[in-house]
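Notes for the one structure printed next.
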Amino acid sequence: MAEVRTVVITGASRGLGFASAVRLYNEGWRVVAAMRSPDQGVALLRDATGADHDDGRLVGVRLDLMNEESIAAAAEQIEALVGAPHALVHNAGIASIGMSEELDRDLWSSMLATHLTGPVALTKALLPVMRAAGRGRIVLVSSAGGVRGQPGIAAYSAAKGALERWGESMATEISPFGLGVTVLVAGAYDTDIIDDRAPGYPDYRIWDGPYSPIHHTMDVRGHFAMRFARPPTAFTDGLVKALNDRAPFRRRSAGPDAAMLMVFNRVLPSAAMHHMARAVMGIPRHGALRSDAPQLTTPQRLMVRAMGSLPPPVMNRLIVLATWLAPNRSSSPSAANGLGQQAQRTERQG
Ligand SMILES: NC(=O)c1ccc[n+]([C@@H]2O[C@H](COP(=O)([O-])OP(=O)(O)OC[C@H]3O[C@@H](n4cnc5c(N)ncnc54)[C@H](OP(=O)(O)O)[C@@H]3O)[C@@H](O)[C@H]2O)c1
C-alpha cells in the first residue's frame, strides 16, 4: 500500500488554505491544518470533508505567524503528530491597501512577520526532521506582487518578493539533502485577501490626500477586476502540481492571469512593465500630478471622460496596444499614434 503523504498548510482556516486542505484530504493526504483558531477552523474542515472527529488524516494545529512562541509550539506539535511532513505549504497571508507614503511601520512589521519571518522560523524549526527524512517539498504561495512590485500594495509586494528570494536561496541550500522548493504564484482568487471591504482588511488610503485621484481610479478598476477572480477551489490544481514537483527549485503559476504576468515579466523590459502596470491601474504619467503640471483643455477633458466610459477590458486592450505602439510615436505620426495619445491622455487624467 502506498505511503500516506503528510502536508502542513498554514492559513487553513479559510480562503485558499481551506480549499487546499479539503482537496488534499479528499485526495488521500494526511492534512495538518495550521491556523490561528483551530477550534472553529477544523470543525469547518470536518464539515467540508466529512472527516470524523477521530480521523488522524485531518488534524489542526494552532499557529500564529506573528508570535515566535506560537511558531515554536506549532513546530513541536507537528513533529509529535506526524514526524517529518512530506510537504509544508506556506499559504497564510494578509493584505492591506495604501500608497507607501500612507503606510505605517507597524503594517510593514506585521506584513513581513506573516509572509517572511514567520514562515522562515517555522521552516527552520522543521528542517532538521525533514532533512533527516531526506525528502520534502516546501511550497511558498506568492502573488503578482512577488513577481513585480504593484502600486497600492507596496508592503505586501515587498514581503512576497522577499519570500520568493528566500525560497530561491533556501532551495540551493537544502537540495543536497533531497528537499525542494516551489514558488507558486497565485493569480486572482475570490477570497477576503483581495477584498478591501472585508473585515480586518487594513485600509491606509487617505481619500482627500495627494494620492486621491489615483485611489479613486484604482478603486474602480480594482473592484471591476475582482469580478473575474476565480473560486478558491480552482487554485488547488496549481497546488497539487506544486506538491508533485521533483526539481530542487521550481516557480510555477496558479491561474491564467499569473501565468500571463510571469511571461510578460520575462520578455518585456522593466520600463515596459512599469508603463503597463501604470496604464492598467489608470495611474497618471510621470509628472502629471506635479503642482506645475499643464492642465487639460476642455475638449481634451471631454475626450478623457469618453475614454473613461469604455468598459475596462476594452480600455486595457487599447492601452496595451498603445504601449506597444508608443516607441514609433515620435517618428511616424499615424492613426495608431492617435490611439496611443488618446490612451496617454486618459492615463494622465487617471
Ligand atoms: N486570493 C488571491 O487572489 C491571492 C492572490 C495571490 C496570492 N494569494 C496568497 O494566497 C495566500 C492565501 O490567501 P487567501 O486568498 O486564502 O486569503 P484569506 O482568505 O484572507 O486567508 C488568509 C489566511 O491566512 C491566515 N493568517 C493571516 N495572518 C495569520 C497569522 N499571523 N498566523 C497564521 N495565519 C494567519 C488567515 O487566518 P485567520 O482566519 O485566523 O485570519 C487565513 O487563514 C496568501 O499568502 C496570499 O497572499 C492570494
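Being in contact (Cβ under 8 Å) with a residue 12 or more places away in the chain, within 12 Å of the ligand (Cβ to nearest atom) and either in the same structural domain as Arg251 (by TED's automatic domain parsing) or more than 27 Å from Ser13 (Cβ to Cβ) (or both): is that true of Ile206 here? Answer is no for this residue. Being within 16 Å of the ligand (Cβ to nearest atom) and buried (at least 16 other Cβ atoms within 10 Å of the Cβ) is a property that does not hold for Pro256. Contact map, region 236-251: first residue not assigned by TED's automatic domain parsing to the domain that holds Gly187, second residue loosely packed, with under 15 Cβ neighbours inside 10 Å and charged (D, E, K, R), Cβ cut-off under 7 Å, separation 6 or more or different chains; the map is empty.
Candidates are the residues of region 18-33 that are within 21 Å of Ala84 (Cβ to Cβ) and either in contact (Cβ under 8 Å) with a residue 60 or more places away in the chain or not aliphatic (A, V, I, L, M) (or both); the one that is nearest to the ligand (Cβ to nearest atom) is Ser20. Restricting Leu81, Leu44 to those that are within 16 Å of the ligand (Cβ to nearest atom) and either assigned to a strand (DSSP E or B) or of a type in the set (A, V, I, L, M) (or both) reduces the list to Leu44. In region 47-69, which residues are within 14 Å of the ligand (Cβ to nearest atom) and under 16 Å from Arg30 (Cβ atoms)? Hits for region 47-69 are Gly60, Val61. Note on region 278-287: among residues that are in contact with a helix residue (DSSP H, G or I) (Cβ under 7 Å, 6 or more places away or on another chain) and outside any helix (DSSP H, G or I), the one that is surrounded by the fewest Cβ atoms within 10 Å (Cβ to Cβ) is Arg285.
Matching residues to (1) more than 17 Å from Ala279 (Cα to Cα); (2) surrounded by 16 or more Cβ atoms within 10 Å (Cβ to Cβ); (3) at pLDDT below 95; (4) not basic (Lys, Arg):
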{"position": "Gly187", "(1), (2), (3), (4)": "yes, yes, no, yes"}
{"position": "Asp203", "(1), (2), (3), (4)": "yes, no, no, yes"}
{"position": "Ile206", "(1), (2), (3), (4)": "yes, no, no, yes"}
{"position": "Tyr211", "(1), (2), (3), (4)": "no, yes, no, yes"}
{"position": "Ile214", "(1), (2), (3), (4)": "no, yes, no, yes"}
{"position": "His223", "(1), (2), (3), (4)": "no, no, yes, yes"}
{"position": "Ala229", "(1), (2), (3), (4)": "yes, yes, no, yes"}
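Considering only residues that are within 11 Å of the ligand (Cβ to nearest atom) and over 29 Å from Met218 (Cβ atoms), which ones fall in region 84-116? Within region 84-116, just Val89 meets the criteria. For first residues located in region 35-50 and without any contact (Cβ under 8 Å) to a residue 12 or more places away in the chain and closer than 24 Å to Asn67 by Cα, partners that are surrounded by 13 or more Cβ atoms within 10 Å (Cβ to Cβ) and of a type outside the set (S, T, N, Q) and lie 6+ apart or on another chain with Cβ distances below 7 Å do not occur.
The values are calculated or read from the model by the stated rules, or taken from the named source; none is laboratory data. Every value quoted in this text rests on a predicted model; they were computed, and no experiment measured them. Don't worry about glycine lacking a Cβ; one is built from the backbone with ideal geometry, like all the others, and counts go over all protein chains shown.
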